[in-house]
Ligand code: ZN
């Protein structure tokens, strides 16, 4: 079954809730970047966070999350749009740490000190970037803190990626709850109880729970409305033409050197790992345009 996200609202939008499964897209990211288990979990959580935050975007808007900690993983970059397309990469895909209490040590790999940056691209060259300090490097807590303090929307984010012993993604997904003006303290207290009663989101998905089922548990006791469903997938915007456009920005001297030494150019997309091989003809074509 394909990955998807479901949005729900309580009281005309005073409470917003989102839940999603991301097992397939996290596994595609793992396959494309050949990530080791700890890196797989860190990247998968960030991709899932992008999918959840992406559900708040409007037409043609996009969003980038960058996690830069002082751990061995380096940085994580993930972006997504309002159509459920997400992509991302980690700087050091081979990072794999010892389990801590039976769990993948994402916080240790990311680092406990550093920053989380969220850039919202509203189109028409209008961008907004917000930054917060990392709380734990576990991603979900960091995003919760970012949304609550930097964007001033009290939120709860849960992200989970379960990795099989041989390294593939077994189950992944997450949820996000946001309180907007109009939600009462009593309602917030009930929601908090609901969240505490829920187990790890990746375990629930592994047991066959759907985004609708997760929303029902989150919003237990509330009359809520399902607003919509969105398919999620790993998708990149790179293409041979874009690779060529990038080469076109190089100097003639650089292009001539590539021709002489390699007989062409090889470009790898950071986001998806796709390799573009541009041969002699393509480079000569670019030089002839000068
Ligand atoms: Zn790509």
Shape call for the stretch 59-197, from the Cα gyration tensor axes a ≥ b ≥ c (a/c under 1.5 means rounded, otherwise prolate when a/b beats b/c, else oblate), comes out oblate
Using a Gaussian network model of the chain with C-alpha springs under 10 Å, which one of 128, 146, 224 is most mobile by mean-square fluctuation?
-> 128
Per residue of the chain, what 222 nm ellipticity follows from adding -39500 (n - 2.57) for every DSSP H run with n ≥ 4, rounded to the nearest 500?
-> -9500 deg cm²/dmol
Helix 37-54: angle to the longest alpha-carbon principal axis of the chain, degrees 0 to 90, nearest 10?
-> 70
Ranked on Cβ counts within 10 Å of their own Cβ, fewest leading, 126, 28 go 126, 28
Highest mean first, what order results for 41-48, 163-170, 6-13, 98-105 on Cβ atoms within 10 Å?
-> 41-48, 6-13, 163-170, 98-105
Helix 23-33 versus the longest principal axis of the chain: what is the Cα-based angle in degrees, 0 to 90, to the nearest 10?
-> 30
What base-10 log of the normalised intensity I(q)/I(0) is obtained for the stretch 203-290 from the Debye formula, alpha carbons as equal point scatterers, at q = 0.15, 0.16 Å⁻¹?
-> -0.66, -0.71
Which residue fluctuates the most in the chain, going by a Gaussian network model with Cα springs under 10 Å, if the choices are 25, 124, 180?
-> 124
Using the count of nearby Cβ atoms within 10 Å as a rough guide to exposure, how do 117, 270 rank from fewest to most?
-> 270, 117
Angle between the chain longest axis and helix 185-197 axis [Cα atoms, degrees, rounded to 10] | 70
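None of the figures in this text is laboratory data; all of them are computed from the coordinates on show. The structure presented is a predicted model; accordingly, all values stated were derived computationally and were not measured. Reconstructed Cβ throughout: ideal geometry from the backbone, glycine too, with neighbour counts over all protein chains shown.
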